[in-house]
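Single-structure report; data block below.
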């Protein structure tokens, strides 16, 4: 009973930290593209500013994910949250497009210290055959925070001033930092006692995991939709406020609806992932998102934009826990932090590519062309993922036998 209590307390502390971090980040999502445009940014610059965070995060995620296997996870998470808090205040003082870009770069570095490491920690404490449920709970914290952030941030900007959401983001990340320091215990390093490779070698070793078809397929599920998500996230505030003439609060509510639906479905999606074929569940439900991407530029009203956001949220709510559960299985076979870092790196890199692609396509072809690119790139990647995961069931059966309790013959 005591061990079960500790397990639940640790898990809840991780959920609370993810919630606070994600809500703080979500505050600025409906504001950043408009903020950049007010400083004179073109569509390409907006794509670069929006994509800087996930691109830099991608570069460093494998480093910090693998480093957590050598040095433990608590210190890295806490350092990332502290850095996020400091950068949040930097946005208030920014006065140029270049400064916004550099702040997003710094935010990306600190973000690489949080998400993959927290997920790796949760993966390590998850019981066998309960990976989907545990990762669903962790993702509930993230999606719930991100759901509330855009709405609250948009309303704060509308009623209290444009800089208030950035101050609020700093406060929430300070809360997340305190939660990690106080309630998340440090675990022994997975490879304690072994010499730590250089950062470059950590990246190379992690990327080598892509030689494994199963790992490559799992990574493609998240990164394929990540490209479309990058385009969707970068352009939605512009489409909402410029094309439809809706307020920052309404844009925030549309973004919130997607994340909120995703959050509400995480627990159910995790349970489904523990009961059914994780590969098929994740890929088939991921294919719903490209349909939503195609519909976005054809929205004629706030209600239509809201309905499309909900549709994309349903896709994420069911597909993400299944993909995360597969990542935990592969993490047990390799190294948990390394696999989670690689997955998050590729997803963030895909979002960065999507953001830049969306900005360039917006300048060249308009919003319809940008969202066609989102749908096509996402769908093509998912079909390749399905092929790479053709031997997944065989792998899962082997892992279930490996982690099955030993028979007691006495």
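The values are calculated or read from the model by the stated rules, or taken from the named source; none is laboratory data. This structure is a prediction, so every number in the text was calculated from the model and none was measured. Reconstructed Cβ throughout: ideal geometry from the backbone, glycine too, with neighbour counts over all protein chains shown.
Whether any residue in segment 304-315 is in a loop (DSSP other than H, G, I, E, B), in contact with a helix residue (DSSP H, G or I) (Cβ under 6 Å, 6 or more places away or on another chain) and either free of Cβ contacts under 8 Å to residues at least 24 places away in the same chain or within 15 Å of residue 258 (Cβ to Cβ) (or both) is what I want to check. The answer is no; no qualifying residue exists. Is it the case that segment 22-37 has a residue that's under 17 Å from residue 344 (Cα atoms) and either at pLDDT 75 or above or surrounded by fewer than 22 Cβ atoms within 10 Å (Cβ to Cβ) (or both)? Checked against the condition, which is being under 17 Å from residue 344 (Cα atoms) and either at pLDDT 75 or above or surrounded by fewer than 22 Cβ atoms within 10 Å (Cβ to Cβ) (or both), segment 22-37 yields at least one hit.
Sort out which residues of segment 64-75 are surrounded by fewer than 22 Cβ atoms within 10 Å (Cβ to Cβ) and either assigned to a helix (DSSP H, G or I) or within 15 Å of the chain's Cα centre (by Cα) (or both), and write them in order of number.
Narrowing segment 64-75 to residues surrounded by fewer than 22 Cβ atoms within 10 Å (Cβ to Cβ): 70-72, 74-75.
Answer for segment 64-75, where residues must be surrounded by fewer than 22 Cβ atoms within 10 Å (Cβ to Cβ) and either assigned to a helix (DSSP H, G or I) or within 15 Å of the chain's Cα centre (by Cα) (or both): 70, 71, 74, 75.
Before we move on, is residue 220 crowded, with 24+ Cβ neighbours inside 10 Å, modelled with pLDDT under 80, within 19 Å of residue 51 (Cα to Cα) and touching a helix residue (DSSP H, G or I) at 6+ places or on another chain (Cβ under 9 Å)?
Working: crowded, with 24+ Cβ neighbours inside 10 Å: yes; modelled with pLDDT under 80: no; within 19 Å of residue 51 (Cα to Cα): yes; touching a helix residue (DSSP H, G or I) at 6+ places or on another chain (Cβ under 9 Å): yes.
Spelling it out, it is not the case that residue 220 is crowded, with 24+ Cβ neighbours inside 10 Å, modelled with pLDDT under 80, within 19 Å of residue 51 (Cα to Cα) and touching a helix residue (DSSP H, G or I) at 6+ places or on another chain (Cβ under 9 Å).
Based on this model, can you work out whether residue 86 counts as farther than 30 Å from residue 133 by Cβ, surrounded by fewer than 24 Cβ atoms within 10 Å (Cβ to Cβ) and at pLDDT 80 or above?
Values: farther than 30 Å from residue 133 by Cβ: yes; surrounded by fewer than 24 Cβ atoms within 10 Å (Cβ to Cβ): yes; at pLDDT 80 or above: yes.
It is true that residue 86 is farther than 30 Å from residue 133 by Cβ, surrounded by fewer than 24 Cβ atoms within 10 Å (Cβ to Cβ) and at pLDDT 80 or above.
Given the options 171, 207, 191, name the one that is surrounded by fewer than 22 Cβ atoms within 10 Å (Cβ to Cβ), in a helix (DSSP H, G or I) and modelled with pLDDT under 75.
Numbers: 171 fails: modelled with pLDDT under 75; 191 fails: in a helix (DSSP H, G or I).
Going through 171, 207, 191 in turn, the sole match is 207.
Determine whether residue 319 is within 14 Å of the chain's Cα centre (by Cα) and either crowded, with 21+ Cβ neighbours inside 10 Å or under 28 Å from residue 395 (Cβ atoms) (or both). First the steps, then the outcome.
Numbers: within 14 Å of the chain's Cα centre (by Cα): yes; either crowded, with 21+ Cβ neighbours inside 10 Å or under 28 Å from residue 395 (Cβ atoms) (or both): yes.
Taking the combined requirement at face value, the residue satisfies it.
What residue, among those in segment 330-345 that are part of a helix (DSSP H, G or I) and surrounded by fewer than 24 Cβ atoms within 10 Å (Cβ to Cβ), is nearest to the chain's Cα centre (by Cα)? Filtering segment 330-345 for residues that are part of a helix (DSSP H, G or I) and surrounded by fewer than 24 Cβ atoms within 10 Å (Cβ to Cβ), the one nearest to the chain's Cα centre (by Cα) comes out as 332.
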